[in-house]
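What follows is a single structure, written as structure tokens, with notes after it.
The values are calculated or read from the model by the stated rules, or taken from the named source; none is laboratory data. Predicted, not measured: the structure shown is a model, and the values here were computed from it. Counting neighbours? That spans all protein chains shown, and the Cβs are built from the backbone with ideal geometry, glycine included.
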């Protein structure tokens, strides 16, 4: 009886493994991507890039300044930002056309300036920050 039980339990165990293995291997792997330390915004915007590229420290904004991801990353549905940390991150130009605004979606240049300069201006006004430039182009742009 013990041999029959041992044999049956071995067969059941083998069947269980064979049934679970395909399910586990088909599960999507974690697609968590490492956050870049720095991003350089250097795009020809409608054949114009008069001011030059902007070096943006993603690491400093995320860790040192403790900004929430949703202060920059967004996906609006019914006027509400539904993007959450861990969601895929699109390049800004996927939604913001470089040359023209379309409805509520501002063209890329305006979107960048509205978000970056607006945040820096608030920091200056509310906290007296001297590290958040927003007036002189050369403070952010590597002039050509």
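Per-structure values
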item	result
Single residue of the range 120-141 satisfying the filter (within 23 Å of the chain's Cα centre (by Cα) and part of a helix (DSSP H, G or I)) that is surrounded by the fewest Cβ atoms within 10 Å (Cβ to Cβ)	122
Matching residues, the range 34-55, being in contact with a strand residue (DSSP E or B) (Cβ under 6 Å, 6 or more places away or on another chain) and free of Cβ contacts under 8 Å to residues at least 24 places away in the same chain	38, 39, 40
Meets criteria (out of contact with any strand residue (DSSP E or B) (no Cβ under 7 Å at 6 or more places or on another chain), closer than 17 Å to residue 141 by Cβ and surrounded by 11 or more Cβ atoms within 10 Å (Cβ to Cβ)) for residue 92	yes
Of residues in the range 62-78 being touching a strand residue (DSSP E or B) at 6+ places or on another chain (Cβ under 9 Å) and part of a helix (DSSP H, G or I), the one modelled with the highest pLDDT	70
